[in-house]
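Below is one structure, written out as structure tokens; the observations come after it.
What follows draws every value from the coordinates through simple rules; no lab data is involved. It should be emphasised that the depicted structure is a prediction, and the values quoted were computed from it without experimental measurement. Neighbour counts are summed over all protein chains in view; Cβ atoms, including those assigned to glycine, are modelled from backbone coordinates with ideal geometry.
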């Protein structure tokens with residue numbers, strides 16, 4: 001890091017945490033893909049499949065595009081201009097959704113549904129096209145021994161503000177009739193995301209040394225470059241395997257609520273309380289695990305998260321009554337922290353400064369098929385063999401991830417296992 005960047009460290013830490021806070025208030029609370037978006041779509045269509053697909057659109061949009069932008073991002077001396085332009089694409093659509101909601105009585109449900117799907121696809125893909133440049137920028141302006149703490153504090157702020165946004169959303173949904181209620185929600189969400197944008201725009205990022213960039217190449221050459229990087233860096237391949245196993249393991253989280261309802265007569269009110277327990281756990285543990293990872297190693301924290309996932313599954317399976325689900329969802333909050341902040345921090349530790357955007361892109365896009373199809377596979381397994389056996393398989397996947405992370409993989413920043421300069425080997 002340059003001396004000027006170190007002087008701006010506190011400034012960058014504060015403005016980027018505030019960016020995350022208002023982003024969480026808007027996207028996690030007021031316009032959540034988990035609750036608000038599916039509820040809005042349910043007024044426009046009876047297709048459960050479409051509603052379910054759009055609920056996962058955020059994850060798909062975030063992961064899939066990142067590798068395809070990394071060829072361009074790796075050649076940039078400053079990432080911020082791309083971040084600023086692309087992140088507008090994930091914020092502006094909420095103003096469009098507010099307009100669509102207001103126009104529903106005039107244009108009808110069918111037209112409103114089509115426009116909503118287009119805007120949601122635009123929003124989610126905007127996040128994915130921002131992701132590689134944003135993660136590269138953060139890894140550039142935050143020193144390696146602070147990245148985990150930063151991602152943890154930012155995640156905690158986003159969760160905390162998200163809770164506030166969810167409370168505001170519940171009040172608006174009760175006080176204002178459909179569709180104006182959603183128009184208000186999407187409008188406030190858009191405003192919150194623009195406040196977030198203002199803080200992001202305050203981030204300071206100097207130009208990189210030309211030696212820390214890789215010129216953009218033709219796609220055929222870029223494919224060869226990826227092949228060589230994967231062949232030369234066995235440690236990164238083990239990381240991808242560990243991530244895939246982790247994705248399979250955390251699939252169990254999607255079924256905890258329905259398992260509690262069917263096995264322990266969990267009430268809707270109790271399920272709502274569990275959401276609060278989950279968010280509270282994430283808020284508390286995010287900065288703690290980020291700080292621990294910066295000192296103990298994020299690979300170990302990720303292994304710990306997978307171990308906790310197996311423990312949460314065990315508690316759910318052997319619970320004597322529904323009150324044990326307080327423990328299950330508290331543990332799940334710990335797991336969710338490692339699946340976001342820890343993985344993001346660990347990914348930025350692979351490769352040189354020049355290679356980092358490509359590693360970030362591969363880490364997200366190559367694992368996308370598992371992330372997308374794991375819940376579908378999980379639902380099929382539950383229907384086929386029941387909760388008990390399916391949960392046992394999810395726990396086994398988590399324990400296998402612990403083995404890979406603890407025994408086979410090593411810390412990527414360990415210079416004794418630093419991969420070859422794959423950019424030179426790949427050639428242009």
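Miscellaneous remarks
- Full-extension gain in nm, residue 110 to residue 177, via 0.36 nm per residue minus C-alpha separation: 22.2 nm
- Sites residue 14 and residue 118 - FRET efficiency at Förster radius 41 Å, r taken between beta-carbons, to 0.05: 0.70
- Viscosity 1.002 mPa s, temperature 20 °C, Stokes-Einstein D of the range 175-301 from Kirkwood C-alpha radius, µm²/s: 103
- Three-way shape label, the range 1-88, alpha-carbon gyration tensor, a/c 1.5: oblate
- Both radii were evaluated on the Cα set of the chain; the Rg over Rh quotient, with Rh as the Kirkwood radius, amounts to 0.96.
- Relative intensity, log₁₀ I(q)/I(0), of the range 217-428 from a Debye sum that treats every alpha carbon as a point, q = 0.12, 0.17 Å⁻¹: -0.66, -1.13
- Put simply, when 127-136, 255-264, 288-297, 209-218 are sorted by average Cβ atoms within 10 angstrom per residue, most first, you get 127-136, 288-297, 255-264, 209-218.
- Ranked list, fewest to most other Cβ atoms within 10 Å of each Cβ, for 371, 342, 5: 5, 371, 342
- A P(r) calculated from all alpha carbon pairs of the range 1-213, with 10 Å bins opening at zero, reads 9, 32, 33, 17, 7, 1 percent.
- Relative contact order %, the range 217-428, counting alpha carbon pairs below 8 Å whose residues are six or more apart: 40
- Burial ordering of 274, 106, 309, fewest other beta-carbon atoms within 10 Å first: 106, 274, 309
- Across the range 1-213, C-alpha contacts under 8 Å between residues 6 or more apart give a mean separation that, scaled by the residue count, equals a relative contact order of 45 percent.
- The slack between residue 261 and residue 72, meaning 0.36 nm per residue of separation minus the straight C-alpha distance, is 63.3 nm.
- Taken along the Cα-to-beta-carbon direction at a fixed 7 Å, the label points for residue 380 and residue 353 span 4.6 nm.
- Estimated purely from DSSP H runs of n ≥ 4, each contributing -39500 (n - 2.57), the mean residue ellipticity at 222 nm for the chain is -25000 deg cm²/dmol once divided by its residues.
- Mean separation of Cα contacts under 8 Å, 6 or more apart, over the residue count of the chain: relative contact order %: 26
- Packing-based exposure ordering (other Cβ within 10 Å, fewest first) of 311, 384: 384, 311
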